[in-house]
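Just so you know, all these numbers are worked out from the coordinates, no wet-lab data involved. Small disclaimer: the values here were computed from a predicted structure and weren't measured. Neighbour counts run over all protein chains shown; Cβ positions are idealised from the backbone, glycine included.
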Amino acid sequence: MQLVLASSSLYRRELLQRLGQPFEVDAPDVDETHVAGESGEQLVRRLAEAKARAVAPRHRNALIVGSDQVAVFDSAILTKPGTTERAIEQLTMMRGATAHFLTGICLINTRTERSQVAVERYAVTFRTLSDPAIAAYVERERPLDCAGAFKSEGLGIALFESMDGTDPTTLVGLPLIRLTTMLAAEGFDVLRPR
């Protein structure tokens, strides 16, 4: 079966490449607006599925992967900051504290119309960072397109005091441990002999 990533994210594309399987990328056109009263978990679950469903009609006999991520801190939902000022604001809020990153993942089998949806969690405790350190980080890494305003796969690792979760790829935006389990349930084993 064809594997399709329903995402325009370069980070998710790089993660999916780790599985060593050929795949196509099809960027979904989905409104990512947060619905009033929706929890972070509900938001990422809904958007991961919406992204996969948006591209599914364009692919027959395919496994479609959709994903979405937010950070939750002190009951606030933090998405991609978009600007330098907002990135600094997000990191300043979280310094010396723990934030929870929620990544929704959906796999749709277009042959059987079966879907699997899950939410993976990852907690990060930030160091107590100075204002100049935060500003320097944002200037160097430009994490404006990352929920929580950091890139753990880069210099962002220096922002953390500790991390707690079962799958570090969850923090980057595509939980590969969960995804390989979902794929296996559809008969797609990434470790099968070639």
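Quick notes on this one:
- Meets criteria (touching a Lys or Arg at 6+ places or on another chain (Cβ under 9 Å) and surrounded by 14 or more Cβ atoms within 10 Å (Cβ to Cβ)) for G40: no
- Pairs linking a residue in region 101-115 that is in contact (Cβ under 8 Å) with a residue 24 or more places away in the chain to a residue that is of a type in the set (K, R) and surrounded by fewer than 17 Cβ atoms within 10 Å (Cβ to Cβ), with Cβ atoms under 7 Å and 6 or more positions apart or on different chains, are T110/R60.
- Index of the failed condition, S162 passing every other in (1) in a loop (DSSP other than H, G, I, E, B); (2) polar (S, T, N, Q); (3) surrounded by fewer than 18 Cβ atoms within 10 Å (Cβ to Cβ): (1)
- In region 1-87, counting only strands (runs of 3 or more DSSP E) that sit wholly within it, the ones holding 2 or more residues that are within 20 Å of T181 (Cβ to Cβ) span 2-5, 62-73.
- Annotation: of all residues in region 76-90 being of a type in the set (G, A, S) and in contact with a helix residue (DSSP H, G or I) (Cβ under 9 Å, 6 or more places away or on another chain), the one that is surrounded by the most Cβ atoms within 10 Å (Cβ to Cβ) is A87.
- Looking only at residues in region 165-194 that are of a type in the set (G, A, S) and either in contact with an Asp or Glu (Cβ under 6 Å, 6 or more places away or on another chain) or in a loop (DSSP other than H, G, I, E, B) (or both), the one that is nearest to L3 (Cα to Cα) is G187.
- Number of the exception - S152 against (1) free of Cβ contacts under 8 Å to residues at least 60 places away in the same chain; (2) surrounded by fewer than 16 Cβ atoms within 10 Å (Cβ to Cβ); (3) touching a helix residue (DSSP H, G or I) at 6+ places or on another chain (Cβ under 8 Å); (4) in a loop (DSSP other than H, G, I, E, B): (2)
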